[in-house]
1. Lys and Arg at +1, Asp and Glu at -1: add these up for the other residues within a Cβ distance under 10 Å of F441 and post the number.
2. Given all pairs of different Cα atoms, what value in angstroms does the Kirkwood hydrodynamic radius of the range 274-451 take?
3. Beyond 25 Å between alpha-carbons counts as too far, so tell me which of K203/K451; K57/K148; K395/K429; K323/K387 fall in that bin.
4. Within a Cβ distance under 15 Å of H45, other residues only, what is the Lys/Arg minus Asp/Glu net charge?
5. Given the DSSP H assignment, sum -39500 (n - 2.57) over each helix run of at least 4 residues in the chain and divide by its residue total; what's the result at 222 nm in deg cm²/dmol, nearest 500?
6. Rounded to the nearest 10 Å², what accessible area does F269 have for a 1.4 Å probe in the complete protein model?
7. Over the chain, what is the relative contact order in percent, taking alpha-carbon pairs closer than 8 angstrom and at least six residues apart?
8. If you count only protein heavy atoms and use a 1.4 Å probe, how large is the accessible surface of D167, to the nearest 10 Å²?
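The values are calculated or read from the model by the stated rules, or taken from the named source; none is laboratory data. Since this is a predicted model, take the numbers as computed values, not measurements. Here Cβ is always computed from backbone atoms with ideal geometry, including for glycine, and neighbour counts include all displayed protein chains. SASA here: full protein model, heavy atoms, side chains in, ligands and nucleic acids out. Shrake-Rupley method; radii C 1.70, N 1.55, O 1.52, S 1.80 Å.
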Amino acid sequence: AANAPRPVSIEELMETAKGVTNMALAHEIVVNGDFQIKPAELPEHSLEKKVRDIVHKAFWDCLEAQLKEDPPTYDHAIKLLGEIKENLLSFLLPGHTRLRSQITEVLDLDLIKQEAENGALDISKLVEFVIGMMGTLCAPARDEEIKKLKDIHEIVPLFRAIFSVLDLMKMDMANFAVSSIRPKLMQQSAEYERKKFQEFLEKQPNSLDLVTRWLQEAADDLAKLRCTTLPPHCSDDGASGGASALCSTAVQNQAYLKLLKWDHLNRPFPETVLMDQARFQEIQLELEQLLLVGTVLLVTFSAAGSALVDLPGFAEKIKTIVKVLLTGMHLPSFNLQESLATIGEKVCAEVNSCLSQHGFTPFSAERETVLKGQIQAVANADNTICKLIDSRIQKFLENYLASSHQKSLPATPGGLGPIQRELEEIAVKYVRLVNYNKMVFSPYYDAVLGKILTKE
């Protein structure tokens, strides 16, 4: 899935923040609201992991052996304290002068070496200071981890645990950095992507052909609709033809909606959205699945009557059954008819158990057959309920695009209540993608639409 990006190192992130050195990474951070740095995991049985584990074990064994000598040798331990000190200092902000002087004073390596040589080193006291300082600097979410450190009394396991918590703290810090650099990165990244696209255009003069066709189709769609209704988000742009003139924003929004019904196998994606084709495709698949979930829920609720609709947890149960049985619905091996038959069985069983549990009469065999038939019918492309739910989902997305400068989501159309949460999650992701694309490419869209709309 597109939202499971490869692990990114903190160094890469910081480089990208300084200037957009890595266009794909900058783009990922900007369009993926859930972007997070995760610890890089080596594959379980890989050679790298084996080598790393052996090296690590040797290192910790050596530390243990040194500390067990009589008198103990502290070379390794002092090296580690030096690393811990660097880590702690890296978490400080410019204003943290008191903490900075505390850390440099207590973890003064020259002094520690002298104490070690004179047999006067109290390592547990230093470690206690380190843990206290980590507690001061960590995010509240890590308080638990810090508390656990205080329960480890053997020095080697304690050092190991300290390093793993420091790694988590580094990740927290990087993820905080991601959220704070996002606005600035967005601006830089948009300018950079536009510049690169401009260079590409100059080499390939016909490289807006697909975009032009895409926008032309969107304008045609709206012109057809316009005969019956006027899009709500167009004030008279002062264009000739008064209110009937299509406005650029409406056409662009219509074009973005078309990307969610794209025939990816047989039709190339417009040049300006190519970088996000996988993302748009993923949203399209999520919506296709949500459409089926929504349709099955609506059919079930209208069959079960008002008795069950308000039962706490009933909708969630049905939703879970449907989602689980539709997993993998886009794989060639998936059989929709069979899955819907199973869904029909399970939903009927759930409805009946709920009805009898709450003292209502369970379904007769006849009503069960009807409900199963209605669920089975969801597979037909021209199923009226499917079409209704689909047009309402599209309407919701269209309203959300039109009002995307407002912070709140538009009202959910009737019948979509049970899938409202899922729909809103997808909408937020989709509009984020669209708005960034507009930010980068709107000069090109406006130029193309200038020609199309004067022709209209």
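1. Computed value for this residue: -1.
2. On the way: mean 1/r = 0.0555 Å⁻¹.
Result for the range 274-451, one decimal place: 18.0 Å.
3. Distance filter (> 25 Å) returns an empty set.
4. -1
5. Details: 18 runs with 308 residues, N = 456.
Computed mean residue ellipticity for the chain: -22500 deg cm²/dmol.
6. Number for this one is 10 Å².
7. 16 percent
8. 90 Å²
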